[in-house]
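**Student:** Once you've had a glance at the structure underneath, I'll fire off some questions.
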Amino acid sequence: MSDVIAAIATARGVAALAIIRVSGPGSVALVNAGFKGKDLEAADSHTAHVGYILDSTGTEIDQVVVTLFKSPRSVTGEDVVEISSHGGDFASQFILKSLLDRGARLAAPGEFTQRAFLNGKMDLAQAEAVADLIHASSSMAHRVSLQHIQGRYSDQLDRLRDELIELCAYIELEMDFVEEDVEFADKGRLVELLDESIRLLVELQDSYQLGSMIRDGVRVVIAGRPNAGKSTLLNALVGRDRAIVSDIPGTTRDEIEAEAEIDGVRFRFIDTAGLREASDVIEAEGVRRAQQSAEAADLLIYVVDASLGLDDGEQSWLETLQAKHPGLPLVLVANKSDQVDGPAKIESDATPSIPLSAQHALKEIDALKPLTEQLKHLVTTHLHRAEASPVVMNQRHQHHLRNALTAVRNARAAIDYQISMDALVVDLRVALHELGQITGKITNEDVLDQIFSRFCIGK
Ligand SMILES: Nc1nc2c(ncn2[C@@H]2O[C@H](COP(=O)(O)OP(=O)(O)OP(=O)(O)O)[C@@H](O)[C@H]2O)c(=O)[nH]1
Ligand SMILES: [Mg+2]
């Protein structure tokens with residue numbers, strides 16, 4: 001049986017209120033023993049009571065509001081008491097101490113959520129989404145985490161798992177009847193069901209790229225010739241003087257990263273060294289890193305000095321990059337448009353360019369609109385998907401999904417190659433085991449400890 005745990009659930013520091021959370025069998029009696037006010041044990045669940053918390057000598061610590069959530073109608077499924085005290089560092093600390101003096105134990109990080117999971121109030125994927133929501137660094141990340149908490153993602157995984165369980169049962173039943181186990185009564189149907197599971201798993205797996213963009217931000221690498229205005233553009237995009245700008249070509253050598261949120265999406269802009277035959281080893285290393293970064297980008301902004309245009313060397317650099325990293329979205333910026341007469345156009349067959357003056361944009365943020373609109377457009381198709389269907393944001397889940405997909409594909413191949421039905425069932429069971437680990441239907445203590453240790457104390 002679990003004991004009573006207590007923790008301060010709010011952040012430290014000066015604030016109007018602080019919340020101390022208590023959970024476990026006997027938590028109402030424990031708080032009641034040091035509460036001057038109504039008899040909490042006699043009170044109904046989901047009621048709030050004003051009173052004083054007393055320390056072990058009977059001295060008043062603070063006037064508080066106590067809210068009761070009696071088992072099983074609480075977040076952990078146990079008796080939960082939430083004490084809302086005045087903020088600041090002292091009241092809540094003294095109250096917590098008085099609870100510990102009365103026999104409560106300080107909660108470990110994530111222990112409330114862990115109990116909610118163990119008591120069947122949420123599955124593991126939902127519990128992990130709680131941590132993701134707390135750590136969300138953009139409104140999109142917040143939205144996707146909330147979707148996961150609400151269970152849409154878990155529902156989809158459960159449906160998939162149920163279908164595979166049914167499939168296993170169906171095959172096992174057939175095996176009881178059919179002597180020659182490769183000769184299936186309804187092989188077509190079996191293939192159809194497996195293909196559908198593969199399709200769903202591939203879709204979930206593929207969503208991870210978007211999921212990590214939402215979680216960690218979209219990595220936008222800014223590349224181009226020396227002096228094209230890359231660092232100026234970075235500064236304009238993030239609204240501060242982050243990178244050194246000068247008219248000496250080769251100013252930026254190391255990579256410079258800075259973030260900005262554009263309409264709910266976090267972008268991580270990475271300014272790089274100008275691409276050219278380097279004049280010294282440090283610059284050469286900078287160019288090498290720029291190349292490497294571009295290859296790992298989610299999106300590339302290629303900055304060209306519009307008065308000079310895109311030369312053959314740049315053209316072929318871009319082509320080589322796109323061959324290496326197919327599908328890499330590219331935005332061509334025709335910078336220094338203030339220095340050209342007429343429209344600053346760059347000749348490029350495939351990609352239209354956006355005329356811009358990064359220098360002007362430093363003072364006039366609206367000048368960036370065409371560029372930021374284009375950036376948004378390039379991720380929007382993905383983002384619509386995030387709204388419409390579940391997106392995998394968690395690396396642990398991605399790992400299990402990959403294994404499940406391999407197993408289902410093996411099962412599918414077993415049919416094509418007329419391998420025994422026993423082998424097919426074994427593959428499906430592996431897939432079930434992998435999927436079960438995502439939502440926590442199958443789990444072990446080490447994994448749980450690792451997951452819940454990511455949480456804050458009090459959650
Ligand atoms: N006229 C004009 N000058 C610009 C514009 N953008 C940048 N510059 C100038 O061009 C020069 C080079 O700008 P940077 O931003 O340092 O260029 P960079 O591409 O980072 O150069 P490296 O770090 O050397 O690769 C600076 O003198 C800038 O002030 C622009 O839109 N118009
Ligand atoms: Mg620079």
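Taken together, the values in this text are just the output of simple stated rules run on the coordinates, not laboratory data. These numbers come from a predicted model, not from an experiment. Every residue, glycine among them, receives a Cβ derived from its backbone with ideal geometry; neighbour counts consider all protein chains shown.
**Student:** Every residue in the range 243-268 that is of a type in the set (A, V, I, L, M, F, W, C) and within 16 Å of ligand 2 (Cβ to nearest atom), please.
**Tutor:** Looking only at the range 243-268, we keep the residues that are of a type in the set (A, V, I, L, M, F, W, C), and these are 243-245, 248, 256, 258, 260, 262, 265, 267.
Scanning the range 243-268 gives A243, I244, V245, I248, I256, A258.
**Student:** What are the residues in the range 198-221 that are surrounded by fewer than 21 Cβ atoms within 10 Å (Cβ to Cβ) and not in a helix (DSSP H, G or I), if any?
**Tutor:** Filtering the range 198-221 down to residues surrounded by fewer than 21 Cβ atoms within 10 Å (Cβ to Cβ) leaves 198-200, 202-203, 205-206, 208-209, 212, 216, 219.
Listed by number, the list holds a single entry, R219.
**Student:** Continuing with the same structure: Please go through the range 1-54 and give me each residue that is of a type outside the set (A, V, I, L, M, F, W, C) and over 39 Å from the mean Cα position of the chain (by Cα), ordered by number.
**Tutor:** As a first pass, look at the range 1-54 and keep what is of a type outside the set (A, V, I, L, M, F, W, C): 2-3, 10, 12-13, 21, 23-27, 32, 34, 36-39, 41, 44-47, 49, 51-52.
Result: N32, G34, K36, G37, K38, D39, E41, G51, Y52.
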